[in-house]
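For reference, the structure discussed in these notes is given below.
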Amino acid sequence: MTFNQVVWKMVKYHYKKYFFYLTYNSLAVMFFFIFLTVYLNEQLVAIKYTEGLQSILGIPGAALIIFTVFFITYAHHLFMKKRRSEFGLFMTLGMTNRDIVKLLLLENSAIAVVAVFKGLGMGAVFSKFFFWFLLKSVGIQEISFQLNVKMFIYTIGAFFLVFIVATGQSLYLTMRKNIIQNLKTEKETENTAYKHPAIGGIGVAIIIGSIIGLFVTITDGGDYLLLWAIGTFLGLYIALNQLTSFLIALIKKNKDFYYRNILYLTNMDYKYRQFTTMVTLVTVMIMVTLLYSTIIYSNYTEAGKEAIQNNPFDVSYISTETKNNLTREEVYSVFERHDNNVQEHFSLPIYFIFQRDSYGIHQITFMPLSKYNEFAGESRELETNELIYHLNGTASDLENVFYGYDLHFSINGNDVVYNYEQKIGDLQFNYLGEFFIINDEEFVTLKENIDGLEADFHLLNVENWELSEEAVVELEQAFINYNAQTPALNSLGEFQEELFSITSRVDSYVNRLERDGIHFFIAIFLNILFSIGSFLLLYIQLFSEVDKDRQRILKLYRIGITSKEVKKLLSQEITTIFILPTLLGIVIALLYIIALAKDMGGVIANPVILFQFFMIAGIYVIIQFVFLIYAKRKMLVEVRNFKQK
């Protein structure tokens with residue numbers, strides 16, 4: 001029998017190993033490609049209301065890259081760990097190092113090529129389905145599924161880069177070992193002998209300290225968020241590495257409980273310290289998933305509240321003698337046709353003075369004091385050449401605005417200086433960002449002596465602003481038709497369109513839903529990937545050691561352990577491996593939510609965010625529970641006939 005025949009027989013006999021390796025590499029390619037269909041979608045990047053989208057994708061993108069690198073590397077490590085013993089056998093039969101290298105490169109190259117084609121094919125199909133389903137669920141029409149060359153090039157390049165590094169490392173490790181060492185590779189175990197429960201306690205202390213640090217410093221603008229996150233992840237790794245030793249040290253105080261569960265406790269101690277990196281990665285993925293989803297979902301559901309806060313009136317617009325100058329009856333009739341009558345209508349006179357410089361056109365807006373007092377229900381007074389600076393925002397916004405310069409105008413050859421008498425920071429209007437209030441006589445003087453634009457500022461409330469979208473669109477079109485029949489104000493340039501557009505709650509609401517709807521879509525998209533990815537990491541951890549579990553269980557049978565007890569033991573171990581990272585991820589994400597919520601008044605002032613978090617966490621737990629049931633059944637099938645064998 002030739003070497004080629006021996007090799008081919010081994011491939012056919014161990015086809016499950018090759019299928020396992022091929023499948024996991026294909027999944028890694030598929031995950032990365034699906035992410036790139038979002039990250040490199042030209043419409044998502046180009047649409048104006050997705051500004052900041054690249055930064056939003058940054059954190060989960062980095063997490064997915066880390067996951068992909070670890071996933072490919074770990075799958076390759078498991079495959080080569082089993083193959084090295086076969087290489088040792090080939091060496092005993094006379095195969096040279098050159099033959100081993102040739103064989104390793106040939107089979108890995110073949111697997112890599114097939115994995116790329118398979119992964120890209122599955123990625124294209126599943127990403128299109130995800131796009132269709134999620135965009136339909138969120139209600140976004142502007143985004144469509146796209147495939148471009150960059151998605152394929154980046155995916156193939158990233159995969160082969162990681163794959164080549166992993167293969168090169170395997171070649172090095174295989175060649176530096178002798179025949180005996182390669183034959184014993186499968187029997188080798190990682191060094192997990194070092195135990196120190198106190199170190200586990202230090203890890204927990206680092207996690208708590210990092211979260212407290214985040215809670216204390218979050219009001220500084222989140223400048224230390226990355227630092228505290230790194231501290232949390234470091235503490236998590238240390239804690240998980242020695243967690244079971246720390247818990248066992250506590251459990252040992254109850255000797256009866258300890259000795260009744262000694263098999264379970266000692267085996268979990270071994271597994272968690274052997275797979276610390278993987279469990280840490282899964283926990284971080286779960287934490288990022290829940291934290292990111294809650295923040296995005298919270299923003300998505302706050303669209304209506306924000307529309308009301310930023311728009312005190314349902315509809316507002318500016319009219320002049322020649323622009324938007326429809327009668328009240330004509331405006332009211334538009335809303336009446338949509339069964340949404342106007343309930344309130346305020347009209348305030350304003351005067352615009354436009355100044356042009358190298359940066360463009362700037363407007364200075366004035367309002368007469370009597371009309372402002374009438375609107376606001378106040379009784380402010382101003383003397384000659386005094387003004388009130390009004391910022392259409394909050395009092396805290398007013399503190400951050402520079403308004404210390406005086407206004408100078410030349411009237412009848414005299415330099416007139418307006419001094420700041422008072423300042424107001426109050427969100428009272430939809431459109432005006434900032435304006436100046438002067439007494440009525442000064443207002444008339446400005447209009448008569450300085451070129452500007454006299455206008456009326458209209459503020460309307462309707463019966464139901466949420467149902468006013470069609471009426472607002474019709475009114476906007478009516479204004480466009482009217483303005484097209486009047487001379488253009490060429491001196492305003494492009495500023496004319498912005499000045500005479502309608503500002504409304506419903507437009508603000510719809511725009512916010514579209515923007516956050518895309519963010520929400522991306523969050524769901526990535527969460528599905530992360531959920532499946534975390535399950536696969538746990539699954540590969542469980543079933544990579546199934547041969548050792550078989551030997552362990554056979555030994556347990558020999559000392560009198562029953563099948564029922566074995567099933568109970570396996571069920572406890574699998575449940576712990578799945579549940580512990582999930583619970584840790586939920587707890588850490590919850591603590592981060594509480595800390596981050598401090599910047600907006602705390603969770604007590606915003607209890608809805610806790611409800612949203614637990615709702616998302618509940619859905620995630622249900623998904624993980626389904627994965628857990630599948631993993632249990634799969635493992636029980638694997639070990640069902642151990643005793644007979």
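Computed from the C-beta positions of residue 478 and residue 532, the FRET efficiency with R₀ = 51 Å rounds to 0.50. Fully extending the segment from residue 256 to residue 98 would add 51.1 nm, taking 0.36 nm per residue of separation and subtracting the current Cα-Cα distance. The modelled label-to-label distance for the pair residue 164/residue 129, using points 7 Å beyond Cα in the direction of Cβ, is 3.4 nm. For the cross-link pairs 305/598; 17/271; 102/150, the ones whose C-alpha atoms lie over 26 Å apart are 102/150.
Annotation for residue 414 and residue 464: the two label points, set 7 Å from Cα along the Cα-Cβ direction, are 5.8 nm apart.
I need the calculated FRET efficiency for the pair residue 266 and residue 621, taking r as the beta carbon distance and R₀ as 30 Å, to the nearest 0.05. In this case the efficiency is close to 0.60.
May I ask you to derive the FRET efficiency for residue 347 and residue 109 from their Cβ-Cβ distance with R0 = 60 Å, giving the value to the nearest 0.05? E(calc), rounded to 0.05, equals 0.20. Distance between the 7 Å Cα→Cβ label points at residue 572 and residue 332: 7.9 nm. Taking 0.36 nm per residue of separation and subtracting the Cα-Cα distance, full extension of the segment from residue 373 to residue 322 would add 15.6 nm.
If we sort 551-559, 433-441 on the protection proxy, mean other Cβ atoms within 10 Å, highest first, what's the order?
Values: 551-559: 13.2, 433-441: 18.6.
The peptides rank, most packed first, as 433-441, 551-559.
Rolling a 1.4 Å probe across all protein chains gives residue 339 an accessible area of roughly 130 Å².
The values are calculated or read from the model by the stated rules, or taken from the named source; none is laboratory data. This one's a predicted model, so the numbers in the text were calculated from it and none came from an experiment. All Cβ positions, glycine included, derive from the backbone under ideal geometry; neighbour counts span all protein chains shown. With ligands, DNA and RNA removed, areas are computed over all heavy atoms of the protein, side chains included. Shrake-Rupley method; radii C 1.70, N 1.55, O 1.52, S 1.80 Å.
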